[in-house]
Amino acid sequence: MYYWYPKATGRQLNEKLGKVHFWLSFVAITSSHADVLPGHGRAVRRLYDPTVYAHGRGLQALNVLISWGAWAWARAALLHRELSSSA
């Protein structure tokens, strides 16, 4: 986005906003994919309530982290879109 947008539109993006967007997205994406990091158990993604099963109860905190990470990722994208369109 940061490479092709100026080429397509002839308009530069705010560099500071780009760096903030990158780091917010990096942290959010990393936390939303925390189950694939080494040392974590594989979280089952297709269960509505993983605490029904014994193996899912230990992963509830990881499931909450993944959910918050996904929401933060969406918020970072919307914030970037909002701020870059107003500039």
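Name the residue that is modelled with the lowest pLDDT, counting only residues in the range 1-34 that are farther than 15 Å from Ala77 by Cβ and of a type in the set (Phe, Trp, Tyr).
Applying the filter and picking the extreme gives Tyr3.
So which residues in the range 51-84 are in a helix (DSSP H, G or I), more than 14 Å from His21 (Cα to Cα) and at pLDDT below 75?
Listed by number, the residues that qualify are His55, Gly56.
For the range 35-48, state whether one or more residues are exposed (fewer than 15 other Cβ atoms within 10 Å of the Cβ), under 26 Å from Phe22 (Cβ atoms), out of contact with any Phe, Trp or Tyr (no Cβ under 7 Å at 6 or more places or on another chain) and at pLDDT 75 or above.
Among the residues of the range 35-48, not one is exposed (fewer than 15 other Cβ atoms within 10 Å of the Cβ), under 26 Å from Phe22 (Cβ atoms), out of contact with any Phe, Trp or Tyr (no Cβ under 7 Å at 6 or more places or on another chain) and at pLDDT 75 or above, which makes the answer no.
The values are calculated or read from the model by the stated rules, or taken from the named source; none is laboratory data. These numbers were taken from a predicted model, which means no experiment stands behind them. Glycine also receives a Cβ, built like all others from the backbone with ideal geometry; neighbour counts cover every protein chain displayed.
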